[in-house]
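Take a look at the structure set out below.
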Amino acid sequence: MEQILSFIGNNITYIYLIGLMIFVGIELISHVPSVLHTPLMSGANAIHGVVLIGAIIVLGKADASDYFSLVVGFVGVFVGTLNVIGGFVVTDRMLEMFKKKPKGGNK
Amino acid sequence: MQHLLEICYLIGSFGFIIGLKLMGQPDSARKGNLIAAFGMAVAVFATLFLSKTGGFQVIGNIGYILAAIALGTVVGALMAKRVQMTAMPEMVSIFNGMGGLAAALISIIEWRDIEHKIKESDVAEMVAVLGLPEGFSIVPLAHYLPIIAGLIIGAISFVGSIIAWGKLNGKIGDFRFAGQQFINAIVLIAIIAAAYMNYHHVNTLEAGTNIWFYVTMGLAIIYGLLFVFPIGGADMPVVISLLNSFTGVAAACGGFLYDNNVMLMGGVLVGSAGTILTVVMCKAMNRSLTNVLIGMAGSNSSSGGAAVSGNVREVQATDVAVMMKYASKVIIVPGYGLAVAQAQHVCHELENLLADEGVDVKYAIHPVAGRMPGHMNVLLAESNVEYDKLIEMEHINSEFPTTDVVLVVGANDVVNPAAKTDPTSPIYGMPILDVDQAKQIVVLKRSMKSGYAGIENALFFDPKCGMLFGDAKDSLQKLVNEVKAL
């Protein structure tokens, strides 16, 4: 119990941050027309590619003689980049099609 | 330098929030995507070049990193550029899996580091002599949790996404057995137990090799398989959306681990947005999330639905062309068949021809037509169909009684009246397009094969309904030619 309380106390800023972000996420998505669900999913998909930064950190601190970490880290950065670049490009391709005829608007 | 890095992360996080916000409106959606991408670029480059503490470059191996990024950029851009519009959902699923894989790999390396450090240090001997001090952990929970959670969630998301990809392109079928839900629950409990055993093992410095980390990983992979296997292909969009939010949470774990705000913000944002998007998609299909996850609909043909019999009336393109040309109002109902046949352009051509004849042509868009919500909108927008001609289900349903001809192009379950009339049908309760209220219905279909839900469609036996068999693109081309020739 004490461990949990001190855990919360030590990380209170994070807990605020996480809580607020959850509300932001819900608010952002709740009133979106269904036609945009697919691009939105794809866009969110690209954003979680931010995990790439973790892969960069992990590969960046790997010892030059630690081949396991180098190889796995390299793969991590590679697939993370795939997620980011692929995600944003696919989303852009989807949304490009919505753009051509700007008249009409959202219905 | 550290401050500059934090400011860049702030820009990145705001980019994600603003980008996602703008993506929620059709007019600004593309700009939103670009802003999110810009935020990502700022955050990534800041990590690469500004991560310094006390004058030390924290990020080493910069050559390898840049090489991996370059390779990923080229491959990712090529994959995303080359993919057909119809295969878009599969592509999203693959990219999602890649994110999950990255999260799992990070955890694997981090865990190996911890084990190495323990082995190299003399912590074990010290504890053997002195005993473990009260309240002291070798691997604190706050450090352990994000590593193990990143591993578990990342692995589930990776494996699940690959299965979802296979299901969407038809390489993997549905697979279920009795008591599957029970077994899934057991596997889930086993994952948590193994994760705890691992924590216990490392913190009590037990002798012997610690296999529990890899047991946890193996179980997570198994869970990923079991989780997606029973779910019908038609429900894959919901699953991908859910796995999408999983990957978000996995990324957030990384943010916790490295005290990295942009990872934390981006991850949590996607985690919550993805979850709520999943719920919204389920609502659009009038299904609950549990119902989807248990794999109810889209299961198998024998699961329900009264048998339908009667005569099917086959019609010729010529007759349909005449019917449409002299109609005053035509509604086109596109479905997955339009997408696979790549018939969106010729469909638009037909629409234009009819419009030139003074026919009022509209498209009726069911929220789950195709393989993803919005699939049809994307597809038709590609062939320059005007945005305001695509009418959503709630608005078009009242127009069917005044419609002369409904042209159903490769759609099936979304126009199946069984959803309203037959409580035993697996799709019962799903809102449908009320095409049976129109004066005439023409269905373009390759054969009498049932749709994704695997059930018969009474609509095809309706006396008002005519079937024009063939590939959607060929049939539409024939109609275009006939209308022109008239």
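Using r as the Cβ-Cβ distance of residue B:357 and residue B:469, and R0 as 30 Å, what FRET efficiency do you calculate, to the nearest 0.05? Display every interim value, and only then the final one.
Values: r = 25 Å, r/R0 = 0.85.
Working from the Cβ atoms, E equals 0.75.
Here the calculated FRET efficiency for residue B:122 and residue B:283, from their Cβ-Cβ distance with R0 = 56 Å, stands at 0.45, rounded to the nearest 0.05.
3J(HN,Hα) along the range A:69-83, derived from phi through the Karplus expression 6.51 cos²θ - 1.76 cosθ + 1.60 where θ = phi - 60°, amounts to 5, 5, 5, 5, x, 4, 4, x, 5, 4, 5, x, 5, 3, 4 Hz, with x in place of Gly and Pro.
Please express the shape of chain A as an equivalent ellipsoid: the semi-axes are the square roots of 5 times the eigenvalues of the C-alpha gyration tensor, given largest first in whole angstrom.
Details: eigenvalues 240, 138, 12 Å².
Result for chain A: semi-axes of 35, 26, 8 Å.
Which order do the peptides B:144-154, B:201-211 come out in when sorted by mean C-beta neighbours inside 10 angstrom, highest first? Walk me through the numbers on the way to the answer.
Numbers: B:144-154: 25.1, B:201-211: 13.0.
In descending order of packing, they fall as B:144-154, B:201-211.
Relative to the present Cα-Cα distance, how much length would full extension add between residue B:290 and residue B:78 at 0.36 nm per residue of separation?
On the way: separation 212, 0.36 × 212 = 76.32 nm, distance 3.67 nm.
Taking residue B:290 through residue B:78 to full extension adds about 72.7 nm, to one decimal.
Name the shape class, rounded, prolate or oblate, that the alpha-carbon gyration tensor gives for the range B:214-278, where a ≥ b ≥ c are the square roots of its eigenvalues, rounded holds for a/c under 1.5, and otherwise prolate holds if a/b is larger than b/c and oblate otherwise.
Values: a/c = 4.87, a/b = 1.34, b/c = 3.63.
Oblate, since a/c reaches 1.5 and b/c is not below a/b.
Hey, could you get me the Stokes-Einstein D for the protein assembly as shown, Kirkwood radius over alpha-carbon pairs, 20 °C and 1.002 mPa s, rounded to whole µm² s⁻¹?
Numbers: Rh = 25.5 Å.
Value of D from the Cα-based Kirkwood radius: 84 µm²/s.
With unit charges on the beta carbon (Lys/Arg positive, Asp/Glu negative), name the residue among B:154, B:88, B:123 whose Cα is farthest towards the positive pole of the charge dipole of the range B:72-195. Positive-most Cα among the choices belongs to B:88. Sites listed here are trypsin sites (Lys or Arg not before Pro) in the range B:118-202 whose DSSP assignment is loop and whose Cβ has at most 12 other Cβ atoms within 10 Å: B:171. For chain B, the longest principal axis of the C-alpha atoms and the axis of helix B:62-82 are separated by about 10°.
For the range B:98-196, the convex hull spanned by the alpha carbon atoms encloses 125 Å³ per residue. Net charge in the neighbourhood of residue B:420 (other residues with Cβ under 10 Å of its Cβ; Lys, Arg +1, Asp, Glu -1) is -3.
Sequentially through the range B:234-247, phi angles give Karplus couplings (6.51, -1.76, 1.60; θ = phi - 60°) of 5, 8, 4, x, 5, 5, 4, 4, 5, 5, 4, 6, 4, 4 Hz, Gly and Pro residues having no value and appearing as x.
Over chain B, all Cα pairs binned in 20 Å intervals from 0 give whole-percent P(r) values of 20, 46, 25, 8, 1, listed from short to long. Taken along its three principal axes, the alpha carbon spread of the range B:134-265 comes to 54, 37, 20 Å, from the longest extent down to the shortest. For the range B:328-367, the square roots of the Cα gyration tensor eigenvalues, ordered a ≥ b ≥ c, give a/c of at least 1.5 with a/b no greater than b/c, which places it in the oblate category.
Ranked from highest to lowest mean number of other Cβ atoms within 10 Å per residue, what is the order of the peptides B:318-331, A:79-92?
On the way: B:318-331: 18.5, A:79-92: 28.9.
Highest mean packing first, the order is A:79-92, B:318-331.
Divide by every residue of chain B the summed helix terms, -39500 (n - 2.57) for each DSSP H run of at least 4, and state the resulting mean residue ellipticity at 222 nm, rounded to the nearest 500 deg cm²/dmol.
Values: 18 runs with 283 residues, N = 486.
Calculated from helices alone, the mean residue ellipticity at 222 nm is -19000 deg cm²/dmol.
With unit charges on the beta carbon (Lys/Arg positive, Asp/Glu negative), name the residue among B:396, B:383, B:421 whose Cα is farthest towards the positive pole of the charge dipole of the range B:381-427. Of the listed residues, the answer is B:421.
For chain A, what does -39500 (n - 2.57) per DSSP helix run (n ≥ 4), summed and divided by total residues, give at 222 nm, in deg cm²/dmol to the nearest 500? Only helices count here, giving -22500 deg cm²/dmol.
Report for the protein assembly as shown the percent antiparallel among DSSP-assigned beta bridges with both residues inside it, nearest 5.
Rounded to the nearest five, the antiparallel share is 10 percent.
Across peptide B:33-39, what mean number of C-beta atoms from other chains lies inside 10 Å of a residue's C-beta? Walk me through the numbers on the way to the answer.
Values: counts 16, 4, 0, 8, 11, 1, 2.
Mean shielding count: 6.
Can you tell me the dipole magnitude for the protein assembly as shown around its Cα centre, using point charges on the Cβ only (Lys, Arg +1; Asp, Glu -1), in Debye to the nearest 20?
Details: 36 positive and 43 negative charges, 208 e Å.
That gives a dipole near 1000 debye.
Proximity of backbone amide H atoms, modeled 1.01 Å from N, is registered between residue B:403 and B:439 at under 5 Å, excluding neighbours fewer than 5 places apart on the same chain. Beta bridges from DSSP with both residues in chain B: antiparallel share about 10 percent, rounded to the nearest 5. Under a 5 Å amide H cut-off, with hydrogens placed 1.01 Å from N, residue B:313 pairs with B:467 among residues at least 5 apart or on other chains.
The mean number of partner chain beta-carbon atoms within 10 angstrom of a residue's beta-carbon across peptide B:242-248 is 4.
I'm checking a number: the convex hull volume of the Cα atoms of the range B:64-146, normalised per residue, in Å³. What is it? If you can, show how the numbers build up before the last one.
Values: hull volume 8.7 nm³, N = 83.
Once divided by residue count, the hull of the range B:64-146 is 105 Å³.
Taking a ≥ b ≥ c as the square roots of the eigenvalues of the Cα gyration tensor of the range B:26-84, is the shape rounded (a/c under 1.5), prolate (a/b larger than b/c) or oblate? Don't skip to the end; give the middle numbers.
Values: a/c = 7.12, a/b = 1.57, b/c = 4.54.
Since a/c reaches 1.5 but b/c is at least a/b, the shape of the range B:26-84 is classed as oblate.
Charge dipole of chain B (Cα centre as origin; +1 on each Lys and Arg Cβ, -1 on each Asp and Glu Cβ, all else neutral): 440 debye, rounded to the nearest 20. Backbone geometry of the range B:271-282 corresponds, through the Karplus equation with coefficients 6.51, -1.76 and 1.60 at θ = phi - 60°, to 3J(HN,Hα) couplings of x, 7, 4, x, 5, 5, 5, 4, 5, 4, 5, 4 Hz, x marking Gly and Pro.
None of the figures in this text is laboratory data; all of them are computed from the coordinates on show. Remember, predicted model here, so these are calculated numbers, not experimental data. With ideal geometry, Cβ positions are generated from the backbone for all residues, glycine too; neighbour counts draw on all protein chains shown.
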